[in-house]
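Below: one structure, written as structure tokens.
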Amino acid sequence: MPKQSRRDEAETTSRAGALAAAIGRHPREFVGILMASAATTVIFVNALFLQKGPHPAPIFASRPLLKQAAPAQPHAQAAQPAAANDPAAQKRMQLVSDIQRELSRRGFYDGAVDGLWGARTDGAARDFADAVHLRSKVEPTEGLLHAIAGSNVHAAAQAPVRGNDPIAELIAPSKRVLAIQRALADFGYGQVAPTGVYDPATRAAIEKFERERKLPVTGQISDRFVRELSGMTGRPLE
């Protein structure tokens with residue numbers, strides 16, 4: 001073997017031995033150098049061969065992100081009441097408003113003309129029905145409106161003159177009692193006269209209602225009794 005070849009082989013062996021000794025003395029540093037070299041190589045390869053778009057781009061290709069749905073735009077107009085889109089509800093509200101106006105003109109109704117058939121409107125309509133001896137069922141119908149509009153009856157002419165009698169004020173008819181008496185009579189709980197005054201016949205009818213509904217039998221016009229009676233009849237009593 002030529003001398004130059006032996007000399008090169010000896011130098012290579014010496015360098016390999018020195019490198020092995022250096023690795024043995026500093027293993028952590030050698031591992032760090034290898035990892036840094038590998039990372040640098042990956043970055044260069046990605047930049048030169050793997051990127052399809054402008055730099056910078058992800059090192060590894062990834063799935064495209066789904067486009068997020070655009071947030072819903074608020075409606076330009078505020079939500080309208082359900083009745084505004086319901087022709088039947090609009091027609092009923094207009095009918096009730098007309099009934100309220102006619103009752104107000106004749107002194108039976110003193111509430112707002114709002115198109116809502118509440119307790120006050122119901123009581124006023126029943127007062128009118130009693131004044132003209134109307135036998136049909138009191139509910140918001142064209143027939144009731146025509147009966148009120150075609151009548152000359154006024155509530156002031158129906159009200160008795162009490163003067164300044166404090167006893168008369170105490171026993172004056174109550175609209176709430178009147179509505180309860182009408183409901184009890186209409187649904188068969190006794191021959192209750194709609195006087196608006198709490199009397200023995202009204203008490204007996206209330207007791208009968210309480211027994212049939214499995215309520216404590218008191219005969220009194222309590223809040224619970226009114227709720228139960230109103231729920232059963234579907235009629236406003238307040």
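The values are calculated or read from the model by the stated rules, or taken from the named source; none is laboratory data. Since the structure is predicted, the reported quantities are computational estimates derived from the model, not experimental observations. Methodologically, a virtual Cβ is constructed for each residue, glycine included, from the backbone with ideal geometry; neighbour enumeration extends over all protein chains shown.
Here are the numbers:
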quantity	calculated
Yes/no for GLY118 being closer than 25 Å to VAL177 by Cβ, in contact (Cβ under 8 Å) with a residue 24 or more places away in the chain and surrounded by fewer than 16 Cβ atoms within 10 Å (Cβ to Cβ)	yes
Residues of region 133-157 classified as surrounded by 13 or more Cβ atoms within 10 Å (Cβ to Cβ) and either more than 19 Å from THR233 (Cβ to Cβ) or among the β-branched types (Val, Ile, Thr) (or both), total	10
Looking only at region 105-122, and only at residues there that are within 24 Å of ALA88 (Cα to Cα), of a type outside the set (Val, Ile, Thr) and not in a loop (DSSP other than H, G, I, E, B), the one that is modelled with the highest pLDDT	ASP122
Residue satisfying all of: in region 171-216; touching a residue at least 24 places away in the same chain (Cβ under 8 Å) and among the aromatic types (Phe, Trp, Tyr); surrounded by the fewest Cβ atoms within 10 Å (Cβ to Cβ) among these	PHE187
Verdict on GLY188 being closer than 24 Å to SER136 by Cα, of a type outside the set (Phe, Trp, Tyr) and part of a helix (DSSP H, G or I)	no
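This table checks each residue for (1) more than 24 Å from THR121 (Cβ to Cβ); (2) in a helix (DSSP H, G or I); (3) among the aliphatic types (A, V, I, L, M).
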| residue | (1), (2), (3) |
| --- | --- |
| ALA201 | yes, yes, yes |
| GLU207 | yes, yes, no |
| THR218 | yes, no, no |
| ILE221 | no, no, yes |
| VAL226 | no, yes, yes |
| SER230 | no, yes, no |
| LEU237 | no, no, yes |
